[in-house]
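Below is one structure, written out as structure tokens, with a few remarks after it.
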């Protein structure tokens, strides 16, 4: 699994002009599921994300996690995170999990986040979405359950 983590102020996801998920602030996650990903990948990333100390404390140091900061999570499915554009100009999505597999692991990942006492809103799987956010900092991280950068 691969997740782009963005610390955010207000954020929302719209589908066909309707808001399907929104938060006042916290983290916006763009979540991709690849072939071969398992619940173990989802658990690893849920633990990692909820524990990330990327929110400022009273001294301005990045010492608080999303729960300590009183934030929420907006989780958006994003199969294009597995787009490979190394050859040609049209990305290949061959490494992305099939939609029926990906939706189950994406939903499980979101439940794992909720199980860790974080309010989670989501986009709509397989929909054309417009994601609106205010990247705070900016703070943006790329996490991958299989790859060491």
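The values are calculated or read from the model by the stated rules, or taken from the named source; none is laboratory data. Everything quoted here is computed from the prediction, not taken from an experiment. Note that we place each Cβ from the backbone using ideal geometry, even for glycine, and neighbour counts take in every protein chain shown.
Only one of 17, 9, 71, 88 is at pLDDT below 95 and either closer than 17 Å to residue 135 by Cα or more than 12 Å from the chain's Cα centre (by Cα) (or both). Can you tell me which?
88
Can you tell me which residues in region 41-64 are without any contact (Cβ under 8 Å) to a residue 60 or more places away in the chain and over 17 Å from residue 9 (Cβ atoms)?
51, 53, 57, 58, 59, 61, 63
Across region 95-114, which residue is farthest from residue 15 (Cα to Cα) among those that are without any contact (Cβ under 8 Å) to a residue 40 or more places away in the chain and touching a strand residue (DSSP E or B) at 6+ places or on another chain (Cβ under 8 Å)?
The qualifying residue farthest from residue 15 (Cα to Cα) is 114.
Only one of (1) crowded, with 20+ Cβ neighbours inside 10 Å; (2) touching a strand residue (DSSP E or B) at 6+ places or on another chain (Cβ under 8 Å) fails for residue 127. Which number is that?
(1)
Here are 102, 98: which of them is modelled with pLDDT of 95 or more, over 18 Å from residue 21 (Cα atoms) and surrounded by 14 or more Cβ atoms within 10 Å (Cβ to Cβ)?
Step by step, each of 102, 98 is checked, and only 102 is modelled with pLDDT of 95 or more, over 18 Å from residue 21 (Cα atoms) and surrounded by 14 or more Cβ atoms within 10 Å (Cβ to Cβ).
Does region 130-141 contain at least one residue that is touching a residue at least 12 places away in the same chain (Cβ under 8 Å), loosely packed, with under 15 Cβ neighbours inside 10 Å and assigned to a helix (DSSP H, G or I)?
No: region 130-141 contains no residue that is touching a residue at least 12 places away in the same chain (Cβ under 8 Å), loosely packed, with under 15 Cβ neighbours inside 10 Å and assigned to a helix (DSSP H, G or I).
Just to confirm my filter: which strands (runs of 3 or more DSSP E) fall fully inside region 13-76 and include at least 1 residues that are surrounded by 21 or more Cβ atoms within 10 Å (Cβ to Cβ)?
18-23, 26-32
Looking at region 118-128, which of its residues are within 14 Å of the chain's Cα centre (by Cα) and under 13 Å from residue 79 (Cβ atoms)? If you could, list the steps in order and put the result at the bottom.
Of region 118-128, the ones within 14 Å of the chain's Cα centre (by Cα) are 118-125.
Result: 123, 125.
What are the residues in region 1-12 that are more than 28 Å from residue 95 (Cβ to Cβ) and not in a strand (DSSP E or B), if any?
none
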